[in-house]
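Down below is the structure, laid out as structure tokens.
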Amino acid sequence: MYTAISYAKLRRNAIALISRLPPEILSRVFYFCVPETHAFPADIQWIKVSHVCTRWREVALNSTHLWSEVHLQWGEDWVGEMLSRSKGTPIVIIGSWRAGLTRRKVADIAKHLPHTRKIEIGNYYEWNRASPDDHDAIRHLCIGLNAPAPILESISLAFNQVSVYNPFPLFKNSAPQLRAIHFLNFTRFPWTPRFATNLVQLEIILSLKFTHREGTHRFSPSIDEVLDVLRYSPTLEDLTLVRCFGPFHGARRSDHHVVNLPHLTHCTLGMLNLSDSLYMIKQLLIPTSAELRIVLDIDHTVGDATFSTIFSSLSERITGTEDLPFYDVVFRYDSDDDHYDEDLELVISRAPNRHCDTVMEIQPGLFLSLCTGGTREPHAELIKSAMRTLPDAMGTLCQIGMSMDRDTFRERSDAALCVQDWLDAFGLKTDVHSVFTDRNDGTSFCVALGMCVEAEGDGVWQFTEDTDAPATQYFLPKLSSLTLYDVHFMETVQVDGYELPLYVLFEICMKARQRANSPLDTLYLVSCRAPDADWGWLESLKGVVGTIELSKDNFSDPD
Amino acid sequence: MPTIVSVDDSTVPGEGSSRLLLLVSSDNKHIVVEEDIMSRSRFISKQVEGFEATSQRHAILLPFSSFVLNKVIEYCSHYRGYYLLEDDPDAAPPGRSPVREWDQEFLDVDRNMLLRIIKAAHYLEIKSLVGSCARAIADMIRGKTTEEMREILGVENDFTPEEEHSPSSKCTG
């Protein structure tokens, strides 16, 4: 009975207009139903096309390209189903690691390596929840990568944990199409010079927290091994090697010729010590137009002498001899010495436009930037130490950035003190002409704007236009450019006993600047949230601010 | 294959710089159009190449109505002289780029018309129009339930209970 009814419906469907479309067109319609980004489970609703009718199912199941993006976070059943429906078509294995994929399923994924075009697996943010089974699964995935990958174009593996894997050559040294490698905390592949040739991108980074663990570098490549790989990749355009080598104690190989990388545009080298960095740089012939960044880790023991050594070692490059390619040098400082994350970065660069940095122009066209994870500790002593070792440090503080969060303000209550610390470190407060603020509730822009409000503590603020008041000493008269990131203008702060929305407070600050003959030339709003749909409140700033520019990612939230 | 009939040169003034084509729709409407406009259609281009080989020009009979044909001609006229990646046989297939604004308005038609246009575009081998129509149809059904999709596109559930619970439908999303 059911069969007869189904048959009648089948016949009826056959004359429907949609059924007269050839399968390749229907398949194309399905293709456009697939969202570009997959978020489980809402975005896989499109797969319901295969449940509409017999023909649609048949077309969908035969459209292998619909099943070619295998997202691990969809879970074991889906991964298996996608792999089987892909039927040998080139596939992409993508997604963050989701706890629960078994060793068997992972081995199944590895079996599809011969028709895998791209692998992008990361669990950076989820690894803390990983079980021993997950570690086991990862280990088996790695073992599975011990097979030729004839069409693999790129591989990206990012983990939050370094585990020990059995040594084996990756892809059996056969991945002829491989052009991009990104490994984050995944350096335990023993590799050989022939592992990859004609790479365009090579990025191997080990986080600071792993560098001090015993055995971390047991399977890491040596500098000479990597140089050999680079020798076979003259097409390389982007090279990043950070902390991925173990400390180098032996004698340098004398048979090395310089590796010529004529197409390189970006190069970041972060060795465990300065001499390794300099050795690596000497071995590479890099176009002068390439951006070369040197990353050096420094710890709490750093002092004037260390800085002096570092700066004098790099002085030839810093003083800008034309023939030495140099873009910037980054010192990463682990101030609490927990070997977990960098707390401060000092960057010497040729470009001043780094976000959330305090930037000094230490020589014409050469900038020192300071980036912090937060301003709880402004590291004034360290900065002063650095300054003392730079004879030409009496440059111009041209830009100051702050990433102060709400808690920082609440705890300290005297948010302006953060600014004071920064400015005192340089003694150059009057020359700041550009300010960034980032990830805050909007209060820091008031600080940046020169304390037309004064912090009283616990988020309570007072207006002040008294130029002798302590707060107004941070007024930045030369400020001409202000960039605000992620400010929610509809939020309120308490000022003079009133709950004021930030956009009103902002307007008051701007008008105060205008009265003080220091109006802003340019205001940039990035990722900010507006109080009204059409950003009409900005009308009130016309004539007060020169130019207002909105990035595309601003949004309104009238509710 | 379309039926090709010989036509009088006086009907189709195909000489000179602006050559014309005579297209005949399934409802027997004769539509004269500049060859240049229809060059986006691989099918028409191949027909024209055939004319040049035989030194004879013909009317091209097409298996869809004049209403649909006029829509296709409107599309081709709009993009006359434009380079569209999708129509470049040498270019890599484009990804899921959004529907062009003009196409969105152009394809703001009822379901049946949309399906007829995509079929005609497929027949005429105009890949860019096929792509835009496919996107428009996808937009109609995206995020809908299975039942809603059936309603929108006029199809019925013809699965037997066994098929409905077959292994290939076990992942229902």
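Report the residue count in the range B:96-116 for those that are part of a loop (DSSP other than H, G, I, E, B), of a type in the set (D, E, K, R) and within 13 Å of chain A (Cβ to nearest Cβ).
Total meeting the criteria: 2.
How many of the residues making up the range A:530-545 are open to solvent by 60 Å² or more (accessible area, probe 1.4 Å) and modelled with pLDDT of 80 or more?
Residues in the range A:530-545 being open to solvent by 60 Å² or more (accessible area, probe 1.4 Å) and modelled with pLDDT of 80 or more: 3 in total.
Kindly indicate the residue of the range B:24-44 that is outside any loop (DSSP other than H, G, I, E, B) and out of contact with any Ser or Thr (no Cβ under 9 Å at 6 or more places or on another chain) and also most open to solvent (accessible area, probe 1.4 Å) among those meeting that condition.
So the residue we want is B:Arg42.
Any residue in the range A:81-88 that is closer than 19 Å to A:Glu203 by Cβ and at pLDDT 80 or above?
No, the conditions are met nowhere in the range A:81-88.
Would a scan of the range B:76-85 turn up a residue that is in a helix (DSSP H, G or I), more than 10 Å from every other protein chain (Cβ to nearest Cβ), at pLDDT 85 or above and under 11 Å from the mean Cα position of the chain (by Cα)?
Checked the range B:76-85: at least one residue is in a helix (DSSP H, G or I), more than 10 Å from every other protein chain (Cβ to nearest Cβ), at pLDDT 85 or above and under 11 Å from the mean Cα position of the chain (by Cα).
Of the conditions (1) modelled with pLDDT of 90 or more; (2) open to solvent by less than 30 Å² (accessible area, probe 1.4 Å), B:Asp158 satisfies every one except a single condition; which number is it?
(1)
Given A:Tyr485, A:Tyr524, which one is open to solvent by 60 Å² or more (accessible area, probe 1.4 Å), among the aromatic types (Phe, Trp, Tyr), touching a strand residue (DSSP E or B) at 6+ places or on another chain (Cβ under 6 Å) and in contact (Cβ under 8 Å) with a residue 24 or more places away in the chain?
Just one listed residue meets the conditions, A:Tyr524.
Residue-wise test of (1) at pLDDT 75 or above; (2) among the hydrophobic types (A, V, I, L, M, F, W, C).
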residue: A:Gln473; (1), (2): no, no
residue: A:Lys478; (1), (2): no, no
residue: A:His488; (1), (2): yes, no
residue: A:Glu499; (1), (2): yes, no
residue: A:Tyr503; (1), (2): yes, no
residue: A:Phe506; (1), (2): yes, yes
residue: A:Arg515; (1), (2): yes, no
residue: A:Asp521; (1), (2): yes, no
residue: A:Tyr524; (1), (2): yes, no
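List the residue pairs whose Cβ atoms are under 8 Å apart, where the first residue sits in the range B:108-131 and is among the acidic types (Asp, Glu), the second is open to solvent by less than 50 Å² (accessible area, probe 1.4 Å), and the two are 6 or more positions apart or on different chains.
Correct list of pairs: B:Glu125/B:Ser41; B:Glu125/B:Phe43.
Out of the range B:117-130, which residues are more than 7 Å from every other protein chain (Cβ to nearest Cβ) and crowded, with 19+ Cβ neighbours inside 10 Å?
The answer is B:Ile117, B:Ala120, B:Ala121, B:Leu124, B:Ile126, B:Lys127, B:Ser128, B:Leu129.
The values are calculated or read from the model by the stated rules, or taken from the named source; none is laboratory data. Just so it is clear, the model here is predicted, and its values are computed rather than measured. Cβ: placed from backbone, ideal geometry, glycine included. Neighbour counts: every protein chain shown. The accessibility values were calculated without ligands, DNA or RNA, using every heavy atom of the protein model including side chains. Shrake-Rupley method; radii C 1.70, N 1.55, O 1.52, S 1.80 Å.
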